[in-house]
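The values are calculated or read from the model by the stated rules, or taken from the named source; none is laboratory data. All of these numbers come straight from a predicted model, not from anything done at the bench. Neighbour counts run over all protein chains shown; Cβ positions are idealised from the backbone, glycine included. Heavy atoms of the whole protein, side chains included, go into the accessibility calculation; ligands, DNA and RNA do not. Shrake-Rupley method; radii C 1.70, N 1.55, O 1.52, S 1.80 Å.
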Amino acid sequence: MRKILIGNWKMQLSVRESVALARALRAGVKKAKTTIVLCPSFPAIPAVRDALRGGAFALGAQDLFWETKGQYTGEVSGAALRELGCSFVIVGHSERRAHLGETDEMVNKKVSAALAARLTPILCVGETREERERGTRDAALRRQVHVALRGLTPAQIGKVIVAYEPVWVIGSGKAVPPKDAVRAHGKIRNAVEEVAGAAVKVRVIYGGSVDSNNGAGFLREAAVDGCLVGGASLRAAEFLKLVQVAETVA
Ligand code: 13P
């Protein structure tokens with residue numbers, strides 16, 4: 001099974017640094033079975049695209065707006081991202097939910113807008129520390145999946161990649177045990193089935209402190225279609241090791 005490896009560079013790099021990282025990655029991967037997606041910040045997208053040209057990488061953005069056009073100062077449309085060469089877009093990352101007040105309803109509109117723009121949405125879901133401690137993880141995942149996919153056809157839902165990112169694990173340096181992620185992925189798949197029917201199979205990936213030491217544990221699991229990587233995607237050697245791992249398990 002072809003695995004997916006996505007680097008979310010967040011707001012960590014300048015445009016210049018983004019290009020340098022893209023060049024180093026491009027030089028380190030000639031071809032790959034793995035679907036490798038890099039998600040730079042908006043202003044770095046064109047330069048990173050040029051640095052990656054002809055290589056084995058796909059381009060993604062970290063967010064989009066749900067409207068196609070209009071008086072929405074500062075927002076970016078899916079069509080503009082496509083025009084820049086993006087084929088993926090992260091939607092509903094927990095940092096946007098936490099810092100910018102993104103709700104499940106907004107995430108739903110963004111998933112829909114991404115699909116309409118022919119971008120593959122990488123829909124982020126995950127429980128907070130509080131939900132984890134209260135034992136309501138599964139209910140939180142179910143709610144997030146149900147609302148995010150509302151109104152979409154089964155065919156559209158089949159195109160979505162769901163990223164399970166336990167919020168309390170992001171940036172902590174301590175990933176959950178792979179079996180824990182496998183259980184959560186099962187809950188996510190059940191929730192998708194409730195919305196779209198059993199015939200629809202979505203890809204579910206794990207994110208949260210993935211690095212080259214623990215990556216194999218996740219990527220080896222059949223229930224884990226890939227990883228969404230933050231910190232470890234900012235260092236070329238580290239991310240290239242993860243690519244190697246994905247290539248060997250695929
Ligand atoms: P870290 O890999 O730095 O924990 O970040 C995960 C993440 O939020 C990816 O979207």
- Would you mind giving the three semi-axes, in whole Å and largest first, of the ellipsoid equivalent to the stretch 1-87 according to its Cα gyration tensor? 24, 15, 11
- Query: What is the Cα coordinate range of the stretch 136-194 on the first, second and third principal axes, sorted by size from largest, in whole angstrom?
  - Reply: 37, 20, 17
- Task: Mind giving me the FRET efficiency for Val15 and Ala250? R0 is 51 Å, r the Cβ-Cβ distance, nearest 0.05 is fine.
- Result: 0.95
- the stretch 121-146 residues near the modelled Lys174 label - backbone nitrogen below 15 Å, point 7 Å along Cα→Cβ: 129-130, 132-133
- Item | Spacing of the two label points (7 Å from each Cα toward its C-beta) at Ala116 and Lys69, in nm | 1.3 nm
- Which values, in whole Å and largest first, are the semi-axes of the equivalent ellipsoid of the stretch 73-144 obtained as the square root of 5 times each eigenvalue of the Cα gyration tensor? 27, 12, 9
- Equivalent-ellipsoid semi-axes of the chain, from the Cα gyration tensor, Å, largest first: 25, 22, 17
- Task: Lys and Arg at +1, Asp and Glu at -1: add these up for the other residues within a Cβ distance under 13 Å of Ser87 and post the number.
- Result: +3
- Using a 1.4 Å probe over the heavy atoms of the protein chains, calculate the carbon and sulfur portion of the accessible area of the chain as a whole percent. 52 percent
- Query: Within the stretch 117-146, what residues put their amide N at less than 11 Å from the label point 7 Å along the Cα-to-Cβ vector of Asn190?
  - Reply: 138-139, 142
- For the stretch 145-250, count all C-alpha to C-alpha pairs, find those more than 20 Å apart, and express that count as a whole percent of the total. 41 percent
- Expressed as a rounded percentage, what relative contact order does the stretch 96-147 have, with Cα pairs under 8 Å and six or more residues apart? 31 percent
- Message: What would the Debye equation give as log₁₀ I(q)/I(0) for the stretch 1-147 at q = 0.09, 0.14, 0.17 Å⁻¹, counting only Cα atoms as equal point scatterers?
- Response: -0.31, -0.72, -0.99
- Query: Which lysines have a Cα lying under 25 Å from the Cα of Lys187, excluding residues fewer than 8 positions away in the same chain?
  - Reply: Lys3, Lys109, Lys110, Lys159, Lys174, Lys179, Lys201
- To the nearest 0.05, the calculated FRET efficiency linking Arg23 and Thr103 through their beta-carbon distance, R0 being 35 Å, is 0.35
- Item | Estimated FRET transfer efficiency (Ala237, Arg134; beta-carbon r; R0 51 Å; 0.05) | 0.80
- Can you give the net charge of the other residues whose Cβ lies under 12 Å from the Cβ of Val182, counting K and R as +1 and D and E as -1? +2
- Query: By how many nm would the segment from Ala155 to Leu84 grow when fully extended, if each residue of separation counts as 0.36 nm and the alpha-carbon distance is taken off?
  - Reply: 23.0 nm
